[in-house]
Amino acid sequence: MSLRSRLKLLILGGTTEAYDLAQALAPRRDLAVVTSLAGRTANPRRPAGEVRVGGFGGADGLGDYLRKSDMDLVIDATHPFASRMGWNAAAACNAAGLALLRLERPPWRPGPGDQWLEFDDWIEAATLVTARTARRVLLAVGRQELVPFSGIDAAWFLIRSVEAPAPMPPFRHAELLLARGPFTLEGEHALLAERRIDLIVCKNSGGTATDAKLAAARELGIAVAMKRRPARPGVPVVDSVAAALAWLDSVQPAVGYQRGV
Ligand code: NAP
């Protein structure tokens, strides 16, 4: 089977779900899969199939790429907080008349005993930290989102990040903890207790790699300031790789027929 006798699928990646989807599609002879990574992390896990790295240059750039590379289908499996890419994908696929699916893991939900304070932007979260007079804060927000907290002198911050912020914003009282999930409940409980954390600030990423801090916070009676997910364009959404595979099976015959494949 020549390459062009297969449909071409672009996966917008950078998540476990995108990686798992590319792995699941690796044996398929009816699809040629390209995963796109933004290029933010130094040593990303390389998914099966072809990989391209770097931004496209907005919705128009993505549109050009889709046309030049003769893509048939797109699955946006970027992180729940990577919304700009989602809006660009919706605009480009709409203009090109391509089918687009959003693959997004379910959000975390508060349960009995949780003390969540939900917010929409980082300035609101910084105000929350000050208003609650939190003294010792675990900041698990990603290294790009630290600046709004760096002017708060009344609290001490434990900044947990996969990679070091460069540059590090000018915090007066902070410690940097470089760590990559998955984290265990036992480990998170010990960390929160030993560092006497009284507030966690994080975003509603969902998934199981980093949710142990929420269970540990519940056990210890610690409040959690949780950033809500950003707004998304109205495209079909699934929350698992299995459902994305089912969507592919449902749209592929129609797309293949249109393309004469
Ligand atoms: P974003 O705000 O939605 O996107 C910013 C720009 O980065 C996009 O406009 C696009 O540039 C480029 N980009 C994003 N994802 C891309 C991809 N998969 N392939 C090629 N270019 C991409 O995204 P972000 O929050 O900066 O996240 C960047 C990447 O890190 C995403 O792939 C995401 O899945 C991953 N990630 C993000 C988070 C998070 O908390 N935000 C956490 C874990 C992983 P152009 O406009 O030039 O095309």
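The numbers here are math on the coordinates, done by the rules we state, and not lab data. Because the structure is predicted, anything quoted here is derived from the model rather than measured. Cβ: placed from backbone, ideal geometry, glycine included. Neighbour counts: every protein chain shown.
Between rounded, prolate and oblate, where does the range 64-137 land on the alpha carbon gyration tensor, with a ≥ b ≥ c its root eigenvalues, rounded for a/c under 1.5, else prolate if a/b exceeds b/c?
prolate
Apply the a/c threshold of 1.5 to the C-alpha gyration tensor of the range 116-227 and tell me whether it is rounded, prolate or oblate.
rounded
Helix-only mean residue ellipticity at 222 nm, the chain, DSSP H runs n ≥ 4 weighted -39,500 (n - 2.57), per residue, nearest 500. What is it?
Helix-only estimate at 222 nm: -10000 deg cm²/dmol.
Excluding residues fewer than 8 places away in the same chain, name every one of the lysines whose C-alpha is closer than 24 Å to that of Lys203.
Lys213, Lys227
Grab the beta carbon distance between Asp239 and Glu175, set R0 = 25 Å, and tell me the FRET efficiency rounded to 0.05.
0.10
Return Leu245, Leu101 ranked ascending by Cβ neighbour count within 10 Å, so the fewest neighbours appear first.
Leu245, Leu101
For the range 1-43 and the range 86-151, what is the centre-to-centre distance using only Cα atoms, to the nearest Å?
Using only Cα atoms, the two centres lie 26 Å from each other.
Please state the shape class of the chain: rounded when a/c is under 1.5, otherwise prolate if a/b exceeds b/c and oblate if not, all from the C-alpha gyration tensor.
It is prolate, given that a/c is not under 1.5 and a/b is the larger ratio.
Say R0 is 35 Å: what FRET efficiency, to the nearest 0.05, do Ser69 and Gln144 get from their beta-carbon distance?
0.75
Can you list which of the trypsin sites (Lys or Arg not before Pro) found in the range 225-261 are DSSP loop residues with at most 14 other C-beta atoms within 10 Å?
Within the range 225-261, the qualifying trypsin sites (Lys or Arg not before Pro) (loop, at most 14 other Cβ atoms within 10 Å) are Arg228.
Once phi is turned into ³J(HN,Hα) by the Karplus curve 6.51 cos²θ - 1.76 cosθ + 1.60 with θ = phi - 60°, what whole-Hz value does each residue of the range 114-131 show in order, with x for glycine and proline?
So the Karplus estimates, Gly and Pro as x, are 6, 10, 9, 10, 8, 9, 10, 9, 5, 5, 4, 5, 5, 5, 4, 4, 5, 5 Hz.
As I understand it, the dipole of the range 23-83 uses +1 on the Cβ of Lys and Arg and -1 on the Cβ of Asp and Glu, about the Cα centre. Which of Leu62, Leu25, Thr41 lies farthest toward its positive end?
Thr41
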